[in-house]
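The values are calculated or read from the model by the stated rules, or taken from the named source; none is laboratory data. Not measured: the values here are computed from a predicted model. Don't worry about glycine lacking a Cβ; one is built from the backbone with ideal geometry, like all the others, and counts go over all protein chains shown. Surface areas here come from the heavy atoms of the whole protein model, side chains and all, with no ligands, DNA or RNA. Shrake-Rupley method; radii C 1.70, N 1.55, O 1.52, S 1.80 Å.
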Amino acid sequence: MTRHLITSAIPYINGIKHLGNLVGSQLPADLYARYQRGRGQEVLFLCATDEHGTPAELAAAKAGKPVAEYCAEMHQVQARIAEGFGLSFDHFGRSSSAQNKALTQHFAAALYEQGLIEEVEQRQIYSETDGRFLPDRYVEGTCPNCGFEDARGDQCDNCTKQLDPEDLINPRSTVSGATDLEMRATKHLFLRQSQMKDKLDEWINSKADWPVLTTSIAKKWLHDGDGLQDRGITRDLDWGVPVKRGDADWPGMEGKVFYVWFDAPIEYIACAQEWVDAGKGSDWESWWRTDKGADDVRYTQFMGKDNVPFHTLSFPATIMGSQEPWKLVDYIKSFNYLNYDGGQFSTSRGRGVFMDQALEILPADYWRWWLLSHAPETSDAEFTWENFQSSVNKDLADVLGNFISRITKFCRSKFSEDVPAAGEYGPEEHALIADLTERVARYQTAMEAMEVRKSAAELRAIWAAGNEYLQAQAPWTTFKTDPDKAAAQVRLALNLIPLYAVLSAPFIPTAAASMLDSMKVENAAWPDDVPAALAQLAPGHTFEVPEVLFAKITDDQRDEWAEKFAGGRS
(Lines give C-alpha, C1' and ligand atoms only; values in the text may rest on other atoms or scores of the structure.)
Protein backbone atom coordinates (compact mmCIF):
# COMPACT_ATOMS: atom_id res chain seq x y z
CA MET A 1 0.00 0.00 0.00
CA THR A 2 1.22 3.48 -0.92
CA ARG A 3 0.64 6.41 1.38
CA HIS A 4 -0.53 9.41 -0.61
CA LEU A 5 0.36 12.92 0.54
CA ILE A 6 -1.72 15.35 -1.52
CA THR A 7 -1.58 19.14 -1.38
CA SER A 8 -3.52 21.77 -3.26
CA ALA A 9 -2.07 25.20 -3.93
CA ILE A 10 -3.24 27.26 -1.00
CA PRO A 11 -5.81 29.96 -1.89
CA TYR A 12 -5.06 33.55 -1.06
CA ILE A 13 -6.96 35.05 1.84
CA ASN A 14 -8.15 38.26 0.15
CA GLY A 15 -11.71 37.33 -0.71
CA ILE A 16 -13.77 34.48 -2.08
CA LYS A 17 -12.29 32.55 -4.99
CA HIS A 18 -13.94 32.05 -8.38
CA LEU A 19 -14.53 28.78 -10.24
CA GLY A 20 -11.29 29.17 -12.18
CA ASN A 21 -9.33 29.09 -8.91
CA LEU A 22 -11.30 26.05 -7.78
CA VAL A 23 -10.70 23.90 -10.86
CA GLY A 24 -7.03 24.86 -11.03
CA SER A 25 -6.02 23.22 -7.76
CA GLN A 26 -8.42 22.28 -4.97
CA LEU A 27 -11.06 20.40 -6.94
CA PRO A 28 -8.80 18.05 -8.95
CA ALA A 29 -6.78 17.45 -5.77
CA ASP A 30 -9.99 16.42 -4.03
CA LEU A 31 -10.90 14.15 -6.95
CA TYR A 32 -7.58 12.34 -6.62
CA ALA A 33 -7.76 12.14 -2.82
CA ARG A 34 -11.27 10.69 -2.93
CA TYR A 35 -10.24 8.19 -5.59
CA GLN A 36 -7.22 6.96 -3.63
CA ARG A 37 -9.28 6.66 -0.44
CA GLY A 38 -11.88 4.72 -2.42
CA ARG A 39 -9.17 2.29 -3.51
CA GLY A 40 -8.28 1.73 0.15
CA GLN A 41 -5.08 3.79 0.17
CA GLU A 42 -3.98 5.89 3.14
CA VAL A 43 -4.30 9.56 2.23
CA LEU A 44 -3.29 12.83 3.89
CA PHE A 45 -4.90 15.70 1.96
CA LEU A 46 -3.79 19.15 3.09
CA CYS A 47 -4.67 22.69 2.17
CA ALA A 48 -4.64 26.08 3.92
CA THR A 49 -5.23 29.76 3.46
CA ASP A 50 -2.30 31.86 2.26
CA GLU A 51 -2.47 34.82 4.63
CA HIS A 52 0.64 36.98 4.33
CA GLY A 53 1.74 39.64 1.87
CA THR A 54 0.52 43.03 0.72
CA PRO A 55 -2.86 41.88 -0.69
CA ALA A 56 -3.89 40.69 2.78
CA GLU A 57 -3.00 44.03 4.33
CA LEU A 58 -4.77 45.97 1.57
CA ALA A 59 -7.90 43.80 1.75
CA ALA A 60 -8.03 44.20 5.52
CA ALA A 61 -7.62 47.98 5.23
CA LYS A 62 -10.42 48.09 2.65
CA ALA A 63 -12.64 46.09 5.03
CA GLY A 64 -11.72 48.43 7.88
CA LYS A 65 -10.41 45.60 10.07
CA PRO A 66 -7.09 44.68 11.67
CA VAL A 67 -5.32 42.30 9.31
CA ALA A 68 -5.20 39.42 11.84
CA GLU A 69 -8.95 39.70 12.45
CA TYR A 70 -9.67 39.91 8.72
CA CYS A 71 -7.59 36.81 7.98
CA ALA A 72 -9.24 34.82 10.77
CA GLU A 73 -12.69 35.69 9.46
CA MET A 74 -11.84 34.94 5.83
CA HIS A 75 -10.28 31.63 6.80
CA GLN A 76 -13.62 30.59 8.28
CA VAL A 77 -15.44 31.79 5.17
CA GLN A 78 -13.15 29.86 2.84
CA ALA A 79 -13.31 26.75 5.04
CA ARG A 80 -17.12 26.86 4.99
CA ILE A 81 -17.25 27.23 1.20
CA ALA A 82 -14.72 24.41 0.75
CA GLU A 83 -16.93 22.19 2.88
CA GLY A 84 -19.90 23.20 0.73
CA PHE A 85 -18.08 21.97 -2.37
CA GLY A 86 -17.26 18.68 -0.67
CA LEU A 87 -13.51 19.29 -0.56
CA SER A 88 -12.35 16.50 1.72
CA PHE A 89 -9.29 18.06 3.31
CA ASP A 90 -7.88 16.16 6.25
CA HIS A 91 -6.90 19.59 7.52
CA PHE A 92 -7.43 23.13 6.23
CA GLY A 93 -4.73 25.16 7.89
CA ARG A 94 -3.43 28.72 7.97
CA SER A 95 -0.06 30.03 6.82
CA SER A 96 -0.18 32.48 9.75
CA SER A 97 -0.08 29.57 12.21
CA ALA A 98 2.54 29.35 14.94
CA GLN A 99 3.71 26.11 13.36
CA ASN A 100 4.43 27.78 10.02
CA LYS A 101 6.10 30.74 11.68
CA ALA A 102 8.56 28.48 13.52
CA LEU A 103 9.20 26.23 10.52
CA THR A 104 9.80 29.16 8.16
CA GLN A 105 12.34 30.64 10.56
CA HIS A 106 13.91 27.20 10.90
CA PHE A 107 14.35 26.85 7.12
CA ALA A 108 15.84 30.35 6.91
CA ALA A 109 18.45 29.38 9.49
CA ALA A 110 19.24 26.10 7.71
CA LEU A 111 19.65 27.86 4.36
CA TYR A 112 21.84 30.52 5.94
CA GLU A 113 24.10 27.82 7.42
CA GLN A 114 24.46 26.32 3.93
CA GLY A 115 25.49 29.67 2.47
CA LEU A 116 22.32 30.02 0.41
CA ILE A 117 21.07 33.30 1.86
CA GLU A 118 22.79 36.63 1.34
CA GLU A 119 22.02 40.21 2.27
CA VAL A 120 21.52 42.54 -0.69
CA GLU A 121 21.27 46.31 -0.50
CA GLN A 122 18.48 47.75 -2.66
CA ARG A 123 16.89 51.08 -3.31
CA GLN A 124 13.21 51.13 -2.48
CA ILE A 125 10.36 53.64 -2.29
CA TYR A 126 10.09 55.25 1.15
CA SER A 127 7.14 57.35 2.35
CA GLU A 128 7.91 60.09 4.88
CA THR A 129 4.20 60.43 5.71
CA ASP A 130 3.76 56.69 6.35
CA GLY A 131 7.16 56.39 8.01
CA ARG A 132 7.96 53.16 6.14
CA PHE A 133 9.28 51.54 3.01
CA LEU A 134 6.51 50.70 0.58
CA PRO A 135 6.35 47.31 -1.18
CA ASP A 136 5.54 47.45 -4.89
CA ARG A 137 1.81 47.01 -4.43
CA TYR A 138 1.66 49.85 -1.91
CA VAL A 139 2.58 52.30 -4.66
CA GLU A 140 0.20 53.42 -7.40
CA GLY A 141 0.47 56.01 -10.14
CA THR A 142 0.11 56.65 -13.85
CA CYS A 143 1.42 53.96 -16.17
CA PRO A 144 4.23 55.32 -18.39
CA ASN A 145 3.19 52.88 -21.11
CA CYS A 146 -0.56 53.41 -21.49
CA GLY A 147 -1.45 56.32 -19.22
CA PHE A 148 -3.69 54.27 -16.90
CA GLU A 149 -3.91 56.32 -13.69
CA ASP A 150 -4.22 53.42 -11.20
CA ALA A 151 -1.26 51.29 -12.22
CA ARG A 152 0.45 49.41 -9.39
CA GLY A 153 4.14 49.46 -8.60
CA ASP A 154 4.61 45.95 -9.97
CA GLN A 155 2.24 45.87 -12.96
CA CYS A 156 -0.33 47.89 -14.88
CA ASP A 157 -3.67 46.07 -14.81
CA ASN A 158 -4.73 47.94 -17.95
CA CYS A 159 -1.90 47.09 -20.37
CA THR A 160 -0.30 44.28 -18.24
CA LYS A 161 3.19 45.83 -18.53
CA GLN A 162 5.58 44.79 -15.74
CA LEU A 163 6.71 47.85 -13.79
CA ASP A 164 8.94 49.01 -10.96
CA PRO A 165 7.58 51.64 -8.56
CA GLU A 166 10.03 54.25 -9.80
CA ASP A 167 8.64 53.84 -13.33
CA LEU A 168 5.29 55.33 -12.31
CA ILE A 169 4.34 58.91 -13.11
CA ASN A 170 3.06 60.86 -10.09
CA PRO A 171 3.44 57.89 -7.68
CA ARG A 172 1.45 57.85 -4.45
CA SER A 173 1.15 55.65 -1.37
CA THR A 174 -1.88 53.37 -1.33
CA VAL A 175 -1.70 53.46 2.47
CA SER A 176 -2.14 57.21 2.95
CA GLY A 177 -2.30 58.73 -0.52
CA ALA A 178 0.91 60.61 0.27
CA THR A 179 3.08 61.75 -2.63
CA ASP A 180 6.23 62.56 -0.60
CA LEU A 181 7.97 59.43 -1.85
CA GLU A 182 11.68 58.97 -2.36
CA MET A 183 14.13 56.19 -3.10
CA ARG A 184 16.17 55.04 -0.10
CA ALA A 185 18.65 52.25 0.51
CA THR A 186 17.46 49.19 2.45
CA LYS A 187 18.73 45.64 2.91
CA HIS A 188 16.89 42.42 2.10
CA LEU A 189 17.65 38.71 2.18
CA PHE A 190 17.92 36.78 -1.08
CA LEU A 191 17.69 33.03 -1.61
CA ARG A 192 20.61 32.09 -3.82
CA GLN A 193 18.58 29.93 -6.18
CA SER A 194 21.21 30.34 -8.90
CA GLN A 195 23.55 28.17 -6.81
CA MET A 196 20.97 25.37 -7.00
CA LYS A 197 20.38 25.58 -10.75
CA ASP A 198 22.24 22.43 -11.80
CA LYS A 199 20.76 20.35 -9.01
CA LEU A 200 17.24 21.58 -9.81
CA ASP A 201 17.78 20.95 -13.51
CA GLU A 202 18.91 17.38 -12.86
CA TRP A 203 15.93 16.79 -10.57
CA ILE A 204 13.38 18.14 -13.06
CA ASN A 205 14.96 16.12 -15.90
CA SER A 206 14.43 12.99 -13.80
CA LYS A 207 10.66 13.61 -13.77
CA ALA A 208 9.89 12.15 -17.19
CA ASP A 209 6.27 11.43 -16.23
CA TRP A 210 5.40 15.02 -15.29
CA PRO A 211 2.94 16.97 -17.45
CA VAL A 212 4.57 18.95 -20.24
CA LEU A 213 2.96 22.09 -18.85
CA THR A 214 4.80 21.64 -15.56
CA THR A 215 8.25 20.86 -16.93
CA SER A 216 8.12 23.43 -19.74
CA ILE A 217 7.45 26.27 -17.30
CA ALA A 218 10.19 25.07 -14.95
CA LYS A 219 12.74 24.78 -17.77
CA LYS A 220 11.84 28.22 -19.10
CA TRP A 221 12.60 29.78 -15.72
CA LEU A 222 15.79 27.73 -15.45
CA HIS A 223 17.24 28.47 -18.88
CA ASP A 224 15.64 31.45 -20.63
CA GLY A 225 17.51 34.73 -20.64
CA ASP A 226 19.99 34.87 -17.80
CA GLY A 227 18.59 31.68 -16.28
CA LEU A 228 17.44 31.10 -12.73
CA GLN A 229 17.82 34.26 -10.66
CA ASP A 230 18.31 34.70 -6.94
CA ARG A 231 15.06 35.72 -5.29
CA GLY A 232 14.29 38.19 -2.53
CA ILE A 233 12.67 36.48 0.45
CA THR A 234 12.02 39.46 2.75
CA ARG A 235 9.70 42.46 2.64
CA ASP A 236 9.12 45.66 4.61
CA LEU A 237 5.69 44.81 6.00
CA ASP A 238 4.02 44.63 9.40
CA TRP A 239 2.08 41.42 8.69
CA GLY A 240 4.00 38.21 8.12
CA VAL A 241 6.56 35.86 9.62
CA PRO A 242 9.19 38.01 11.39
CA VAL A 243 12.67 37.56 9.96
CA LYS A 244 14.66 35.42 12.35
CA ARG A 245 17.46 32.90 12.04
CA GLY A 246 15.67 30.08 13.80
CA ASP A 247 14.99 31.40 17.30
CA ALA A 248 17.66 34.08 17.03
CA ASP A 249 17.31 37.66 15.87
CA TRP A 250 18.73 38.51 12.46
CA PRO A 251 20.88 41.65 12.78
CA GLY A 252 19.85 44.34 10.33
CA MET A 253 16.54 42.66 9.54
CA GLU A 254 14.53 44.16 12.37
CA GLY A 255 10.97 45.04 11.40
CA LYS A 256 11.03 42.93 8.26
CA VAL A 257 9.03 39.80 7.44
CA PHE A 258 9.64 36.89 5.13
CA TYR A 259 8.18 37.23 1.63
CA VAL A 260 4.88 35.39 1.29
CA TRP A 261 6.27 33.16 -1.46
CA PHE A 262 8.94 31.92 0.92
CA ASP A 263 6.63 31.01 3.81
CA ALA A 264 3.52 29.89 1.86
CA PRO A 265 4.86 26.56 0.47
CA ILE A 266 6.43 25.77 3.85
CA GLU A 267 2.84 25.81 5.16
CA TYR A 268 2.28 22.49 3.38
CA ILE A 269 4.60 20.93 5.95
CA ALA A 270 3.39 23.05 8.85
CA CYS A 271 -0.19 22.14 7.98
CA ALA A 272 0.60 18.53 8.85
CA GLN A 273 1.80 19.72 12.25
CA GLU A 274 -1.44 21.68 12.64
CA TRP A 275 -3.36 18.49 11.73
CA VAL A 276 -1.67 16.63 14.58
CA ASP A 277 -1.97 19.51 17.03
CA ALA A 278 -5.70 19.72 16.25
CA GLY A 279 -6.06 16.12 17.40
CA LYS A 280 -6.89 14.78 13.94
CA GLY A 281 -3.78 12.68 13.36
CA SER A 282 -0.46 11.56 14.76
CA ASP A 283 3.18 11.50 13.73
CA TRP A 284 3.19 14.18 11.01
CA GLU A 285 6.92 13.69 10.49
CA SER A 286 6.33 10.21 9.05
CA TRP A 287 4.65 11.98 6.11
CA TRP A 288 7.31 14.63 5.60
CA ARG A 289 10.71 13.40 6.73
CA THR A 290 12.48 10.58 4.92
CA ASP A 291 14.44 9.80 8.09
CA LYS A 292 11.13 9.31 9.94
CA GLY A 293 9.39 6.94 7.49
CA ALA A 294 8.34 9.12 4.55
CA ASP A 295 10.17 6.97 2.01
CA ASP A 296 6.93 5.11 1.25
CA VAL A 297 4.97 8.34 0.69
CA ARG A 298 3.99 9.48 -2.80
CA TYR A 299 3.63 13.26 -2.71
CA THR A 300 1.43 14.91 -5.35
CA GLN A 301 0.81 18.64 -5.73
CA PHE A 302 -2.04 20.29 -7.69
CA MET A 303 -1.85 23.89 -8.91
CA GLY A 304 -2.54 26.42 -11.65
CA LYS A 305 0.27 27.16 -14.08
CA ASP A 306 1.03 30.52 -12.46
CA ASN A 307 2.20 28.68 -9.33
CA VAL A 308 4.49 26.22 -11.13
CA PRO A 309 7.77 28.22 -10.89
CA PHE A 310 7.54 28.45 -7.12
CA HIS A 311 6.77 24.74 -6.69
CA THR A 312 9.33 23.43 -9.20
CA LEU A 313 12.14 25.82 -8.29
CA SER A 314 11.84 28.04 -5.20
CA PHE A 315 10.27 25.54 -2.80
CA PRO A 316 12.46 22.62 -3.95
CA ALA A 317 15.49 24.94 -3.61
CA THR A 318 14.40 25.58 -0.02
CA ILE A 319 13.99 21.86 0.69
CA MET A 320 17.18 20.72 -1.06
CA GLY A 321 19.22 23.66 0.14
CA SER A 322 18.44 22.97 3.78
CA GLN A 323 20.37 19.68 3.50
CA GLU A 324 17.71 18.15 5.75
CA PRO A 325 15.74 14.96 4.95
CA TRP A 326 12.44 16.53 3.90
CA LYS A 327 10.15 14.85 1.39
CA LEU A 328 10.32 16.32 -2.12
CA VAL A 329 7.29 16.30 -4.39
CA ASP A 330 6.96 13.25 -6.66
CA TYR A 331 4.41 14.60 -9.14
CA ILE A 332 3.11 18.08 -9.94
CA LYS A 333 -0.23 18.22 -11.73
CA SER A 334 -0.60 21.70 -13.20
CA PHE A 335 -3.53 23.29 -15.00
CA ASN A 336 -4.06 26.05 -17.51
CA TYR A 337 -6.65 28.78 -16.96
CA LEU A 338 -10.43 28.58 -17.05
CA ASN A 339 -11.82 31.65 -18.77
CA TYR A 340 -15.32 33.00 -18.42
CA ASP A 341 -17.74 33.45 -21.31
CA GLY A 342 -15.49 35.13 -23.86
CA GLY A 343 -13.18 36.84 -21.37
CA GLN A 344 -11.49 36.33 -18.04
CA PHE A 345 -12.82 35.84 -14.55
CA SER A 346 -12.27 39.12 -12.71
CA THR A 347 -12.34 39.36 -8.94
CA SER A 348 -12.07 43.15 -9.00
CA ARG A 349 -14.91 43.58 -11.50
CA GLY A 350 -17.07 40.75 -10.15
CA ARG A 351 -17.10 39.05 -13.54
CA GLY A 352 -17.76 35.33 -13.47
CA VAL A 353 -19.09 32.89 -10.90
CA PHE A 354 -17.56 32.90 -7.44
CA MET A 355 -17.63 29.87 -5.19
CA ASP A 356 -20.20 31.16 -2.71
CA GLN A 357 -22.52 32.32 -5.49
CA ALA A 358 -22.26 28.98 -7.28
CA LEU A 359 -23.52 27.14 -4.21
CA GLU A 360 -26.43 29.56 -3.87
CA ILE A 361 -27.91 28.61 -7.24
CA LEU A 362 -27.07 24.91 -7.63
CA PRO A 363 -25.76 22.01 -5.52
CA ALA A 364 -22.01 21.41 -5.56
CA ASP A 365 -22.15 18.26 -7.69
CA TYR A 366 -23.41 20.19 -10.72
CA TRP A 367 -20.36 22.39 -10.56
CA ARG A 368 -17.94 19.61 -9.67
CA TRP A 369 -19.00 17.57 -12.68
CA TRP A 370 -18.80 20.37 -15.21
CA LEU A 371 -15.50 21.77 -13.93
CA LEU A 372 -13.74 18.42 -13.76
CA SER A 373 -15.09 17.13 -17.08
CA HIS A 374 -13.88 20.38 -18.69
CA ALA A 375 -10.67 20.78 -16.67
CA PRO A 376 -8.08 23.00 -18.45
CA GLU A 377 -5.37 20.36 -18.68
CA THR A 378 -3.82 20.69 -22.14
CA SER A 379 -4.96 24.24 -22.88
CA ASP A 380 -7.05 27.03 -21.43
CA ALA A 381 -10.75 26.17 -21.18
CA GLU A 382 -13.81 28.38 -21.23
CA PHE A 383 -16.95 28.38 -19.14
CA THR A 384 -20.10 29.32 -21.03
CA TRP A 385 -23.62 29.05 -19.68
CA GLU A 386 -24.77 27.23 -22.82
CA ASN A 387 -22.12 24.54 -22.42
CA PHE A 388 -22.75 24.26 -18.69
CA GLN A 389 -26.49 23.79 -19.26
CA SER A 390 -25.93 21.28 -22.06
CA SER A 391 -23.39 19.18 -20.15
CA VAL A 392 -25.38 19.08 -16.91
CA ASN A 393 -28.62 18.24 -18.67
CA LYS A 394 -27.12 15.59 -20.91
CA ASP A 395 -24.60 13.90 -18.64
CA LEU A 396 -26.15 14.20 -15.19
CA ALA A 397 -29.88 14.41 -15.89
CA ASP A 398 -30.37 12.45 -19.12
CA VAL A 399 -27.68 9.79 -18.80
CA LEU A 400 -27.12 9.09 -15.09
CA GLY A 401 -30.25 10.44 -13.44
CA ASN A 402 -32.62 9.12 -16.09
CA PHE A 403 -31.14 5.63 -15.92
CA ILE A 404 -31.63 5.41 -12.16
CA SER A 405 -35.14 6.83 -12.31
CA ARG A 406 -36.28 4.57 -15.16
CA ILE A 407 -35.09 1.29 -13.75
CA THR A 408 -36.16 1.84 -10.14
CA LYS A 409 -39.62 3.07 -11.13
CA PHE A 410 -40.10 0.23 -13.60
CA CYS A 411 -39.07 -2.35 -11.01
CA ARG A 412 -41.51 -0.88 -8.49
CA SER A 413 -44.37 -0.88 -10.98
CA LYS A 414 -43.89 -4.43 -12.30
CA PHE A 415 -42.24 -6.29 -9.43
CA SER A 416 -41.85 -4.36 -6.14
CA GLU A 417 -39.19 -2.34 -4.33
CA ASP A 418 -37.22 -5.55 -3.93
CA VAL A 419 -34.61 -6.87 -6.35
CA PRO A 420 -36.42 -9.51 -8.46
CA ALA A 421 -35.19 -13.10 -8.16
CA ALA A 422 -36.49 -14.76 -11.32
CA GLY A 423 -34.60 -15.38 -14.54
CA GLU A 424 -31.01 -16.10 -15.51
CA TYR A 425 -28.51 -13.87 -17.23
CA GLY A 426 -28.15 -14.45 -20.96
CA PRO A 427 -25.49 -13.47 -23.52
CA GLU A 428 -26.50 -9.78 -23.44
CA GLU A 429 -26.05 -9.54 -19.67
CA HIS A 430 -22.70 -11.32 -19.73
CA ALA A 431 -21.58 -9.05 -22.57
CA LEU A 432 -22.48 -5.96 -20.53
CA ILE A 433 -20.58 -7.28 -17.50
CA ALA A 434 -17.51 -7.97 -19.66
CA ASP A 435 -17.76 -4.54 -21.29
CA LEU A 436 -18.03 -2.80 -17.94
CA THR A 437 -15.06 -4.75 -16.59
CA GLU A 438 -12.92 -3.32 -19.38
CA ARG A 439 -14.36 0.17 -18.98
CA VAL A 440 -13.75 0.25 -15.22
CA ALA A 441 -10.13 -0.77 -15.84
CA ARG A 442 -9.72 2.12 -18.30
CA TYR A 443 -11.33 4.51 -15.83
CA GLN A 444 -8.92 3.42 -13.10
CA THR A 445 -5.94 3.83 -15.43
CA ALA A 446 -7.00 7.39 -16.26
CA MET A 447 -7.57 8.24 -12.60
CA GLU A 448 -4.19 6.83 -11.55
CA ALA A 449 -2.58 8.99 -14.24
CA MET A 450 -4.54 12.04 -13.02
CA GLU A 451 -5.97 12.54 -16.51
CA VAL A 452 -9.02 14.40 -15.26
CA ARG A 453 -10.98 14.97 -18.47
CA LYS A 454 -10.25 11.46 -19.72
CA SER A 455 -11.41 10.03 -16.38
CA ALA A 456 -14.67 11.96 -16.69
CA ALA A 457 -15.15 10.70 -20.26
CA GLU A 458 -14.57 7.09 -19.17
CA LEU A 459 -17.05 7.50 -16.30
CA ARG A 460 -19.64 9.04 -18.62
CA ALA A 461 -19.20 6.06 -20.97
CA ILE A 462 -19.81 3.67 -18.06
CA TRP A 463 -23.06 5.49 -17.27
CA ALA A 464 -24.03 5.44 -20.94
CA ALA A 465 -23.47 1.68 -21.17
CA GLY A 466 -26.34 1.13 -18.73
CA ASN A 467 -28.67 3.31 -20.74
CA GLU A 468 -27.70 1.57 -23.95
CA TYR A 469 -28.36 -1.80 -22.35
CA LEU A 470 -31.82 -0.70 -21.19
CA GLN A 471 -32.67 0.72 -24.59
CA ALA A 472 -31.54 -2.43 -26.39
CA GLN A 473 -33.15 -4.96 -24.05
CA ALA A 474 -36.27 -2.92 -23.24
CA PRO A 475 -37.41 -4.90 -20.15
CA TRP A 476 -40.76 -3.07 -20.30
CA THR A 477 -41.37 -4.84 -23.61
CA THR A 478 -39.78 -8.14 -22.55
CA PHE A 479 -42.04 -8.21 -19.50
CA LYS A 480 -45.12 -8.66 -21.67
CA THR A 481 -43.91 -11.99 -23.05
CA ASP A 482 -41.21 -13.22 -20.67
CA PRO A 483 -41.49 -11.76 -17.13
CA ASP A 484 -38.64 -13.92 -15.83
CA LYS A 485 -36.21 -12.65 -18.45
CA ALA A 486 -37.31 -9.09 -17.70
CA ALA A 487 -36.66 -9.76 -14.00
CA ALA A 488 -33.08 -10.79 -14.77
CA GLN A 489 -32.59 -7.66 -16.88
CA VAL A 490 -33.93 -5.48 -14.08
CA ARG A 491 -31.77 -7.24 -11.49
CA LEU A 492 -28.59 -6.48 -13.44
CA ALA A 493 -29.66 -2.89 -14.12
CA LEU A 494 -30.37 -2.30 -10.43
CA ASN A 495 -26.93 -3.62 -9.58
CA LEU A 496 -25.42 -0.98 -11.82
CA ILE A 497 -26.59 1.73 -9.42
CA PRO A 498 -24.22 0.97 -6.49
CA LEU A 499 -21.43 0.37 -9.02
CA TYR A 500 -22.07 3.79 -10.52
CA ALA A 501 -22.22 5.35 -7.08
CA VAL A 502 -18.80 4.08 -6.00
CA LEU A 503 -17.15 4.97 -9.29
CA SER A 504 -18.80 8.40 -9.36
CA ALA A 505 -18.08 9.37 -5.75
CA PRO A 506 -14.78 11.17 -6.51
CA PHE A 507 -16.63 13.40 -9.00
CA ILE A 508 -20.09 13.80 -7.46
CA PRO A 509 -19.86 12.66 -3.83
CA THR A 510 -23.24 13.93 -2.62
CA ALA A 511 -25.19 12.31 -5.45
CA ALA A 512 -23.17 9.11 -5.04
CA ALA A 513 -24.06 8.93 -1.36
CA SER A 514 -27.72 9.51 -2.23
CA MET A 515 -27.60 6.65 -4.77
CA LEU A 516 -26.18 4.25 -2.19
CA ASP A 517 -28.72 5.40 0.37
CA SER A 518 -31.63 4.77 -2.02
CA MET A 519 -30.32 1.30 -2.76
CA LYS A 520 -29.78 0.70 0.99
CA VAL A 521 -26.11 -0.16 0.50
CA GLU A 522 -23.60 0.54 3.25
CA ASN A 523 -19.83 0.39 3.03
CA ALA A 524 -19.74 -0.15 -0.72
CA ALA A 525 -16.24 -1.24 -1.68
CA TRP A 526 -14.33 -0.30 -4.80
CA PRO A 527 -15.25 -2.73 -7.63
CA ASP A 528 -11.90 -4.48 -8.02
CA ASP A 529 -13.98 -7.47 -9.11
CA VAL A 530 -16.67 -6.01 -11.40
CA PRO A 531 -18.72 -9.23 -11.83
CA ALA A 532 -18.85 -9.62 -8.04
CA ALA A 533 -19.80 -5.96 -7.61
CA LEU A 534 -22.66 -6.45 -10.08
CA ALA A 535 -24.06 -9.21 -7.86
CA GLN A 536 -24.02 -7.06 -4.73
CA LEU A 537 -27.78 -6.56 -4.63
CA ALA A 538 -29.05 -10.07 -4.04
CA PRO A 539 -32.60 -11.17 -4.98
CA GLY A 540 -35.01 -9.82 -2.39
CA HIS A 541 -32.78 -6.85 -1.44
CA THR A 542 -35.01 -3.87 -0.66
CA PHE A 543 -34.47 -0.42 -2.17
CA GLU A 544 -36.30 2.88 -2.50
CA VAL A 545 -37.10 4.82 -5.66
CA PRO A 546 -35.00 7.95 -5.23
CA GLU A 547 -36.01 11.53 -5.75
CA VAL A 548 -34.86 13.19 -8.97
CA LEU A 549 -31.08 13.03 -8.78
CA PHE A 550 -30.38 16.01 -11.04
CA ALA A 551 -32.94 18.58 -12.16
CA LYS A 552 -32.44 20.02 -15.62
CA ILE A 553 -31.31 23.61 -16.06
CA THR A 554 -33.96 25.57 -17.93
CA ASP A 555 -33.32 28.16 -20.63
CA ASP A 556 -34.75 30.84 -18.35
CA GLN A 557 -32.35 29.91 -15.54
CA ARG A 558 -29.42 29.90 -17.96
CA ASP A 559 -30.28 33.37 -19.29
CA GLU A 560 -30.87 34.76 -15.80
CA TRP A 561 -27.52 33.52 -14.53
CA ALA A 562 -25.65 34.70 -17.63
CA GLU A 563 -26.92 38.22 -17.00
CA LYS A 564 -26.34 38.08 -13.25
CA PHE A 565 -22.68 37.07 -13.50
CA ALA A 566 -21.66 39.31 -16.39
CA GLY A 567 -19.96 41.71 -13.95
CA GLY A 568 -20.51 44.19 -11.18
CA ARG A 569 -20.76 41.92 -8.16
CA SER A 570 -22.11 43.90 -5.24
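Looking at region 86-96, is at least one residue over 18 Å from the mean Cα position of the chain (by Cα), in contact (Cβ under 8 Å) with a residue 24 or more places away in the chain and within 16 Å of A278 (Cβ to Cβ)?
Going through region 86-96, the residues over 18 Å from the mean Cα position of the chain (by Cα) turn out to be 96.
Still in the running and in contact (Cβ under 8 Å) with a residue 24 or more places away in the chain: 96.
Keeping just the survivors that are within 16 Å of A278 (Cβ to Cβ) gives 96.
Yes: region 86-96 contains one or more residues that are over 18 Å from the mean Cα position of the chain (by Cα), in contact (Cβ under 8 Å) with a residue 24 or more places away in the chain and within 16 Å of A278 (Cβ to Cβ).
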- prompt: When you scan region 302-322, how many residues do you find that are open to solvent by less than 10 Å² (accessible area, probe 1.4 Å), farther than 30 Å from A381 by Cα, in a helix (DSSP H, G or I) and in contact (Cβ under 8 Å) with a residue 60 or more places away in the chain?
  reply: 3
message: For a quick check of your reading of the model, give me the residue pairs whose first member lies in region 463-491 and is more than 16 Å from N402 (Cβ to Cβ) and aromatic (F, W, Y), whose second is modelled with pLDDT of 95 or more and open to solvent by less than 10 Å² (accessible area, probe 1.4 Å), with beta-carbon atoms closer than 6 Å and at least 6 apart or on different chains.
response: F479/A486
- prompt: Of the residues that make up region 376-392, is at least one touching a Lys or Arg at 6+ places or on another chain (Cβ under 7 Å), touching a residue at least 40 places away in the same chain (Cβ under 8 Å), over 30 Å from T104 (Cα atoms) and not in a helix (DSSP H, G or I)?
  reply: yes
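A56: over 15 Å from the mean Cα position of the chain (by Cα), surrounded by fewer than 18 Cβ atoms within 10 Å (Cβ to Cβ) and modelled with pLDDT under 95, yes or no? Show your work before the answer.
Numbers: over 15 Å from the mean Cα position of the chain (by Cα): yes; surrounded by fewer than 18 Cβ atoms within 10 Å (Cβ to Cβ): no; modelled with pLDDT under 95: yes.
So A56 fails the test.
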- prompt: Of the numbered conditions (1) surrounded by fewer than 18 Cβ atoms within 10 Å (Cβ to Cβ); (2) touching a residue at least 40 places away in the same chain (Cβ under 8 Å), A513 satisfies every one except a single condition; which is it?
  reply: (2)
field: Unmet requirement for I508, which otherwise passes all of (1) of a type in the set (A, V, I, L, M); (2) over 17 Å from E429 (Cβ atoms); (3) in contact with a Ser or Thr (Cβ under 7 Å, 6 or more places away or on another chain)
entry: (3)
query: If H52 satisfies every condition in (1) assigned to a loop (DSSP other than H, G, I, E, B); (2) more than 22 Å from P265 (Cβ to Cβ) but one, which is the exception?
result: (2)
field: Residues of region 238-284 classified as open to solvent by 20 Å² or more (accessible area, probe 1.4 Å), touching a residue at least 12 places away in the same chain (Cβ under 8 Å) and out of contact with any His (no Cβ under 7 Å at 6 or more places or on another chain), total
entry: 14
field: Selection within region 217-237 - open to solvent by 20 Å² or more (accessible area, probe 1.4 Å) and either farther than 18 Å from K187 by Cβ or of a type in the set (S, T, N, Q) (or both)
entry: I217, K219, K220, W221, H223, D224, G225, D226, Q229
